[in-house]
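Below you'll find the structure, written out as structure tokens, and then a few comments.
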């Protein structure tokens, strides 16, 4: 890389080689083929942790922002249409890649205050990658060269209406970026297989990451995990709004959805806490699952609509008499293997 700088202290030789490749726009899969795959991905995770970001795009931005890697240029300012320039600037946001297009569409507007549609965002990204023949994280370096991106900008996106992972080091558990990404993906309502696809990894890897998160949070189910993550601000809380307007029974059931009991015991636990009959509880749960597709997503929606908050209890109640509801010797519940709800 032209203008290569000396490796900063604290970075191993492999980590620094990977960092330079990331800024240059090298695709991760090609990078993994040039070194031992596991070591390379561990290096990426370490770089993201050090820089306080979750994504490769944001890591590239921070490396240039801190002048750890030299900025090319400056080159001539490009004559870009407002949509393309706005989307290019938004690439620095530390939003998971699978959520990038909706996040840019929701959070960006042109200088004329025109909101962008997902199709406009997708089109602008396609134009930029074609223009520079590089990856989206490679566009960060090009953005600095052409003065679209600058050190005074931030990787933090505006408040969004969906859950996102907090930057590393924020929140009570301090999990790694890889763990935070798995948690944010699961909280979005994606099943484990979809989370694995989004992370370009295996089903077992995501299951393992979520298991580590549950241990860090001190809970057994993924429903309770997502709620605890929002309580402790390991996940950024969604922007609050009105509009859910649940019935009294649905609100009562919704408020107990984060209970840290297995799915097979959840209905009984809710009946015992609320006094509602089994048919009513089943009906309310079914309605929530139809509307939000997944219990984890329903919990995030509960925070969005003010049904749930940090005062919501998730510990099982010994008075319910539910087997395995209390104590520390209960089995570790790994959550769903497909589209399940734990």
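The values are calculated or read from the model by the stated rules, or taken from the named source; none is laboratory data. As the structure is a computational prediction, the values presented were derived from the model and not from experiment. All Cβ positions, even for glycine, are placed from backbone atoms using ideal geometry, and neighbour counts span all protein chains on display.
Quick one: residue 104 ticks every box in (1) in contact with a helix residue (DSSP H, G or I) (Cβ under 8 Å, 6 or more places away or on another chain); (2) modelled with pLDDT under 90 bar one, so which box is it?
Failed condition: (2).
Take the conditions assigned to a helix (DSSP H, G or I) and touching a strand residue (DSSP E or B) at 6+ places or on another chain (Cβ under 9 Å) and apply them to residue 266. Does it pass? Give the steps one after another, and end with the answer.
On the way: assigned to a helix (DSSP H, G or I): yes; touching a strand residue (DSSP E or B) at 6+ places or on another chain (Cβ under 9 Å): no.
Answer is no for this residue.
Which of the numbered conditions does residue 157 fail, given that it passes all the others? Conditions: (1) surrounded by fewer than 18 Cβ atoms within 10 Å (Cβ to Cβ); (2) touching a helix residue (DSSP H, G or I) at 6+ places or on another chain (Cβ under 8 Å); (3) modelled with pLDDT under 95.
Status for residue 157: all satisfied but (1).
Looking at residue 6, is it assigned to a loop (DSSP other than H, G, I, E, B) and more than 21 Å from the chain's Cα centre (by Cα)?
When the stated conditions are applied, residue 6 passes them.
Does residue 260 fit the bill of being free of Cβ contacts under 8 Å to residues at least 60 places away in the same chain, surrounded by fewer than 17 Cβ atoms within 10 Å (Cβ to Cβ) and not in a helix (DSSP H, G or I)? Quick ask: steps written out before the conclusion?
On the way: free of Cβ contacts under 8 Å to residues at least 60 places away in the same chain: yes; surrounded by fewer than 17 Cβ atoms within 10 Å (Cβ to Cβ): no; not in a helix (DSSP H, G or I): yes.
No.
Kindly indicate which of 187, 172 is touching a residue at least 24 places away in the same chain (Cβ under 8 Å), under 21 Å from residue 52 (Cβ atoms) and crowded, with 24+ Cβ neighbours inside 10 Å.
Working: 172 fails: crowded, with 24+ Cβ neighbours inside 10 Å.
Residue meeting the stated conditions: 187.
For the structure I just gave you, tell me whether residue 102 is part of a loop (DSSP other than H, G, I, E, B), more than 14 Å from residue 141 (Cα to Cα) and touching a residue at least 12 places away in the same chain (Cβ under 8 Å). It would help to see each step written out before you state the result.
Values: part of a loop (DSSP other than H, G, I, E, B): no; more than 14 Å from residue 141 (Cα to Cα): yes; touching a residue at least 12 places away in the same chain (Cβ under 8 Å): yes.
No.
Can you find a residue that is at pLDDT below 90, on the phi < 0 side of the Ramachandran plot and part of a loop (DSSP other than H, G, I, E, B) anywhere in segment 122-134? Please lay out each step first, then the result.
In the first step, residues of segment 122-134 are kept if they are at pLDDT below 90; the result is none.
No, that holds for no residue.
Just the residues that are at pLDDT below 90 and either part of a helix (DSSP H, G or I) or under 13 Å from the mean Cα position of the chain (by Cα) (or both), please, taken from segment 168-189.
Applying the first criterion (at pLDDT below 90) to segment 168-189 yields 168-172, 174.
Hit for segment 168-189 is 168, nothing else.
Could you look through segment 12-53, keep only residues that are part of a loop (DSSP other than H, G, I, E, B) and either in contact (Cβ under 8 Å) with a residue 24 or more places away in the chain or outside the structural domain of residue 154 (by TED's automatic domain parsing) (or both), and pick out the one that is farthest from the chain's Cα centre (by Cα)? Let's see the steps before the verdict.
Going through segment 12-53, the residues part of a loop (DSSP other than H, G, I, E, B) turn out to be 12, 25-27, 35-36, 52-53.
Narrowing further to those that are either in contact (Cβ under 8 Å) with a residue 24 or more places away in the chain or outside the structural domain of residue 154 (by TED's automatic domain parsing) (or both): 12, 25-27, 52-53.
Details: 12: 27, 25: 22, 26: 23, 27: 21, 52: 14, 53: 11 Å.
Selected residue: 12.
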